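**Q** Starting off with a structure, shown below.
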């Protein structure tokens, strides 16, 4: 019996900043005001909802259903639906994380604590969360590209950047972390156990592949403009420090 591939489910979850929890709960009692608040937030950011491919526009949003997040003290989550294409959008308030049982501020503090050197067990005790939940949160962040996250937050690709290779330790082994930064913004963080030009080039090419969909010209540290058919090559001056040059 042949199995047909199931279509990929579109992510139509939108997170809305309601300023505070009291405003959110107050808007739940007024459906029209709730929808107007959601649309005003999206229009202010310039975002567009992802409707069905067959949607011709001209419709409006209406309430579809709601459910309760029991493990988050019964927070009510609304779903909105397009009246034209029937696409359903889940509206998450800013104080609820998707697929997570911890508040955003707890997740932020726990992640900062892990970066400060505390173990998962100690962080779990300090913030009253499960060590496995914190581990899954760390893994979830690792699945996202910094370029994708930053560009979706409204940042444009840098017209120039600095590349360097930091070194750290993973248990007893020495590892290298190729980085690309502009000012105080970290655009790429790689990982490799080898201090070689080939390994660094492969890490920097990951940044180039992630930046390609934006279709914006990049500028290397040498100041020369990088055309689309050029590539980034790492040319280390020594075993611990490298620089980027543009080669045709």
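The values are calculated or read from the model by the stated rules, or taken from the named source; none is laboratory data. Since this is a predicted model, take the numbers as computed values, not measurements. Methodologically, a virtual Cβ is constructed for each residue, glycine included, from the backbone with ideal geometry; neighbour enumeration extends over all protein chains shown.
**Q** Restricting to region 162-190, what's the tally of residues that are farther than 18 Å from residue 209 by Cα and within 15 Å of the chain's Cα centre (by Cα)?
**A** Selection size over region 162-190: 1.
**Q** Could you pull out the residue among 34, 41 that is part of a helix (DSSP H, G or I), within 14 Å of residue 90 (Cβ to Cβ) and at pLDDT 85 or above?
**A** Of 34, 41, the one residue that is part of a helix (DSSP H, G or I), within 14 Å of residue 90 (Cβ to Cβ) and at pLDDT 85 or above is 34.
**Q** Answer with yes or no whether residue 163 is in contact with a helix residue (DSSP H, G or I) (Cβ under 9 Å, 6 or more places away or on another chain) and in contact (Cβ under 8 Å) with a residue 60 or more places away in the chain.
**A** Yes, satisfied.
**Q** I need the helices (runs of 4 or more DSSP H) fully contained in region 50-161, keeping only those with at least 1 residues that are modelled with pLDDT under 85, outside the structural domain of residue 208 (by TED's automatic domain parsing) and more than 23 Å from the chain's Cα centre (by Cα).
**A** Correct list: 120-127.
**Q** Does region 213-225 contain at least one residue that is closer than 30 Å to residue 46 by Cα and at pLDDT 85 or above?
**A** No, the conditions are met nowhere in region 213-225.
**Q** Taking the conditions exactly as written (in contact with a strand residue (DSSP E or B) (Cβ under 6 Å, 6 or more places away or on another chain) and either closer than 22 Å to residue 30 by Cβ or surrounded by fewer than 14 Cβ atoms within 10 Å (Cβ to Cβ) (or both)), does residue 125 satisfy them or not?
**A** no
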